[in-house]
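The values are calculated or read from the model by the stated rules, or taken from the named source; none is laboratory data. Everything numeric here is computed off the predicted structure, so don't read it as measured data. FYI the Cβ positions are ideal-geometry reconstructions off the backbone, even for glycines, and counts take in every protein chain you see. With ligands, DNA and RNA removed, areas are computed over all heavy atoms of the protein, side chains included. Shrake-Rupley method; radii C 1.70, N 1.55, O 1.52, S 1.80 Å.
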Amino acid sequence: MSNIAERVKKIVVEQLGVEASQVTEEANFVEDLGADSLDTVELVMALEEEFGCEISDDAAEKIVTVKQAIEFIKKSLDG
Amino acid sequence: MRDRVAIVTGASSGIGRVVAIHLAKLGARVVLISNESIRILEALEEVRAISPESEAFEADVTSFPCLEESVKLTLEKFGRIDILVNNAGITRDALLVRMSLADWERVLAVNLTSVFQLTRMILKPMMKARYGRIVNISSVVGVTGNPGQANYVASKAGLVGFSKSIALEIASRNITVNCVAPGFIATAMTDALNPKAKEAILSRIPMGAMGSPEDVAHAVAFLASERAGYITGETLHVNGGLYMG
């Protein structure tokens with residue numbers, strides 16, 4: 001499980017060009033990590049690719065923090 | 001544009017066919033999309049003689065599944081899409097009072113909605129690649145208006161606004177979106193005009209002649225090139241002086 005969290009954080013670091021130390025679970029992509037709307041779309045695309053899952057537009061809208069991303073991925077991999 | 005992968009819609013005839021050939025000459029691998037089954041094969045043969053890896057898909061641009069399949073197969077074969085030329089277009093002319101809803105909807109579907117669909121599909125791979133050149137074929141009448149063509153003109157003006165909006169959305173990803181607006185170009189579409197109308201048009205063109213599809217293809221190729229990377233949201237007029245933007 002922690003592996004998933006690490007992979008998600010790594011993608012966030014790569015996509016948003018931020019320091020790993022900034023990517024806490026509570027971090028909000030837009031407010032804390034400086035993502036714009038296009039960045040968040042690309043982040044979702046990168047997560048889909050990394051984990052081979054599909055994230056619907058509705059689901060993507062609800063993923064605004066690192067923690068939410070990790071939880072969504074965990075849930076979709078379990079399902 | 002050696003080895004760049006370029007999708008051209010409406011590529012079996014008219015301006016689209018010449019654009020496909022021209023991009024091939026510049027080294028691009030071209031994917032032709034058209035709903036004309038025999039002519040698309042003829043066009044492909046012509047393009048492959050120049051750029052052997054080129055491909056063609058018979059697809060109706062108003063069919064979402066057809067477009068999706070074409071994009072999927074393109075990505076499977078080439079792994080990338082660098083250039084998209086949205087060229088497919090039709091006319092269904094009538095004065096507005098006589099224009100049917102079907103004629104309105106058909107023209108908007110082919111000329112404008114297909115561009116929304118296809119552009120949306122290819123944006124993700126372009127965003128990932130941090131590179132893209134999208135060229136939409138508008139028309140001079142999209143900015144001047146033209147009696148009897150309210151549907152066509154609305155679609156062509158729509159492309160200009162669409163292009164500017166998408167240009168703003170994705171400028172930061174090194175993807176440009178521009179229009180080429182041909183004036184009166186010698187193709188089957190303008191052949192259909194009656195001789196009187198043609199004469200009236202010619203008298204208004206300062207250069208005194210219709211343009212050729214090649215004239216348009218050169219403009220498209222420029223906007224599709226790497227060198228045009230700082231130009232976006234622009235409309236390039238190719239009309240012999242008929243209208244100056």
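Here is what passes the span test in chain B: the DSSP H helices with alpha carbon length of 18 Å or more along the helix axis and a Kyte-Doolittle mean of 0.0 or above are B:64-78, B:114-129, B:150-170. Mean partner shielding of peptide B:122-128, defined as the number of other chain Cβ atoms within 10 Å of each residue Cβ, is 2. What's the longest uninterrupted piece of chain B once you rule out the trypsin sites (Lys or Arg not before Pro) that are loop residues per DSSP with at most 11 other Cβ within 10 Å? Here the longest segment lacking exposed loop sites spans B:3-129.
Just need the relative contact order of chain A here, percent rounded to a whole number, with Cα pairs under 8 Å and 6+ apart. It comes to 36 percent, rounded to a whole number. For the protein assembly as shown, the Cβ-based charge dipole about the Cα centre amounts to some 1100 debye (Lys, Arg positive; Asp, Glu negative; other atoms uncharged). For the cross-link pairs B:Lys25/B:Lys77; B:Lys164/B:Lys198; B:Lys25/B:Lys128; A:Lys67/B:Lys72; B:Lys25/B:Lys156; A:Lys67/B:Lys128, the ones whose C-alpha atoms lie over 22 Å apart are B:Lys164/B:Lys198; B:Lys25/B:Lys128; A:Lys67/B:Lys72; B:Lys25/B:Lys156; A:Lys67/B:Lys128.
Computed from label points 7 Å out along Cα-Cβ, the spacing between B:Ser100 and B:Thr113 is 1.6 nm. Here the range B:6-81 is treated with +1 on each Lys and Arg Cβ and -1 on each Asp and Glu Cβ, and its dipole about the Cα centre works out to around 320 debye. Between rounded, prolate and oblate, where does the range B:133-193 land on the alpha carbon gyration tensor, with a ≥ b ≥ c its root eigenvalues, rounded for a/c under 1.5, else prolate if a/b exceeds b/c? The shape class here is prolate.
Using all pairs of distinct alpha-carbon atoms, the Kirkwood hydrodynamic radius of the protein assembly as shown works out to 21.3 angstrom. Ordering A:Ile73, A:Phe29, A:Gly17 by Cα displacement along the dipole of chain A toward the positive end leaves A:Ile73 in first place; charges were set at the Cβ atoms of Lys, Arg (+1) and Asp, Glu (-1).
Taking the Cα centre of chain B as reference, the dipole from Cβ charges on Lys and Arg (+1) and Asp and Glu (-1) amounts to some 600 debye. Calculated accessible area for chain A comes out at 59 Å² per residue, all protein chains present (probe 1.4 Å; ligands, DNA, RNA ignored).
Rolling a 1.4 angstrom probe over the protein assembly as shown with all protein chains present gives an accessible area of which 52% lies on carbon and sulfur atoms. Solvent-accessible surface of chain B, averaged per residue with a 1.4 angstrom probe and all protein chains in place: 46 square angstrom. With the convex hull of its Cα atoms as the shape, chain A has an orientation-averaged projected area of 4.5 nm².
For the range B:5-238, the relative contact order comes to 20 percent (Cα pairs under 8 Å, sequence separation of at least 6).
So if we plug the beta-carbon distance of B:Glu69 and A:Asp32 into 1/(1 + (r/R0)^6) with R0 = 30 Å, what FRET efficiency do we get, rounded to 0.05? E between B:Glu69 and A:Asp32, to the nearest 0.05, is 0.15. Out of every Cα-Cα pair in the range B:5-238, what percent are more than 28 Å apart? For the range B:5-238, the share of Cα pairs beyond 28 Å comes to 26 percent. Association of chains B and A removes close to 700 square angstrom of accessible area from solvent, both sides included, for a probe radius of 1.4 Å. In percent, rounded to a whole number, the relative contact order of the range B:74-133 is 49, using alpha-carbon pairs under 8 Å and six or more apart.
Ordering B:Pro213, B:Val85, B:Ser165 by Cα displacement along the dipole of the protein assembly as shown toward the positive end leaves B:Pro213 in first place; charges were set at the Cβ atoms of Lys, Arg (+1) and Asp, Glu (-1).
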